[in-house]
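Worksheet for the structure shown next.
The values are calculated or read from the model by the stated rules, or taken from the named source; none is laboratory data. Nothing here was measured: the structure is a model prediction, and the numbers come from that model. Neighbour counts are summed over all protein chains in view; Cβ atoms, including those assigned to glycine, are modelled from backbone coordinates with ideal geometry. Calculation scope for accessible area: heavy atoms of the full protein, side chains included, ligands and nucleic acids excluded. Shrake-Rupley method; radii C 1.70, N 1.55, O 1.52, S 1.80 Å.
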Amino acid sequence: MNNCQRTLVAIKPDGVQRRLIGQIIKRFEQRGFQLVGLKMLQVSEELLAQHYSSLHRKPFYPSLLRYMTSGPVVAMVWEGHNVVKSTRMLVGNTNPAEAATGTLRGDFSIHISRNIVHASDSAEVAQKEISLWFQRSELIDWECCDHGNIYHP
Ligand code: TYD
């Protein structure tokens with residue numbers, strides 16, 4: 001497979017509270033991407049400080065931290081051809097008001113402060129985020145039986 005990548009996707013506390021876990025996972029599965037890591041966790045402020053290190057000085061950072069620690073998060077690693085960019089498109093614009101209908105944020109959210117899901121924004125960032133959120137032993141290398149129907153062999 002050309003350009004096989006992995007990306008981090010996290011269902012944020014609002015997505016979990018609103019019982020959207022199944023619907024979000026479904027969209028990745030139906031597209032053909034492969035799940036290689038999955039866990040529910042209460043995220044620590046330390047992890048978030050690293051995850052959002054570029055946003056520390058933003059005015060919304062304190063409320064982002066409160067929101068992201070307000071309840072459990074479901075973290076996943078998805079694998080597939082061009083998965084980083086495809087996932088960003090599937091998730092939609094950061095601001096749900098700008099997110100197209102058919103995207104997760106466009107279909108399930110209204111306000112930027114409650115946009116239900118995180119997705120890595122580049123292949124480089126994805127590698128950093130995956131190693132921040134997951135131990136190597138928590139990721140499973142496996143072959144999906146329908147590989148030949150999703151990709152040219
Ligand atoms: P950012 O990394 O810019 O966007 P994305 O999640 O699409 O990669 O911002 C991280 C999160 O911070 C974003 O998902 C929601 C929150 N946020 C706000 O609450 N207010 C804002 O004005 C912005 C830009 C982001």
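Placing a label point 7 Å from the Cα of Leu47 along the Cα-to-Cβ direction, the residues of the range 1-37 whose backbone N falls under 20 Å of that point are 6-22, 24-25, 35-37.
Per-residue packing, averaged as other Cβ atoms within 10 Å, sorts the ranges 33-46, 110-123, 76-89, 50-63 into the order 76-89, 110-123, 33-46, 50-63, beginning with the highest.
With all protein chains present, how much of the accessible area of the chain (probe radius 1.4 Å) comes from carbon and sulfur, to the nearest whole percent? Walk me through the numbers on the way to the answer.
Numbers: 4400 of 8710 Å².
The computed percentage sits at 50.
I'd like the distance separating the alpha-carbon centroids of the range 1-61 and the range 138-153, in whole Å. Cα centroid to Cα centroid, the span is 21 Å.
From its DSSP helices (H runs of at least four residues, each -39,500 (n - 2.57)), the chain gives a residue-normalised ellipticity at 222 nm of -10000 deg cm²/dmol. Averaged per residue, the chain has 57 square angstrom of accessible surface, using a 1.4 angstrom probe with ligands and nucleic acids left out. The share of C-alpha pairs in the chain whose separation exceeds 19 Å stands at 53 percent.
Between 0 and 90 degrees, the angle of helix 21-31 with respect to the longest Cα principal axis of the chain falls at about 40 degrees.
Taking the chain as a Gaussian network of alpha-carbon nodes connected by springs under 10 Å, the highest mean-square fluctuation of the residues Ala75, Ala126, Ala100 belongs to Ala100.
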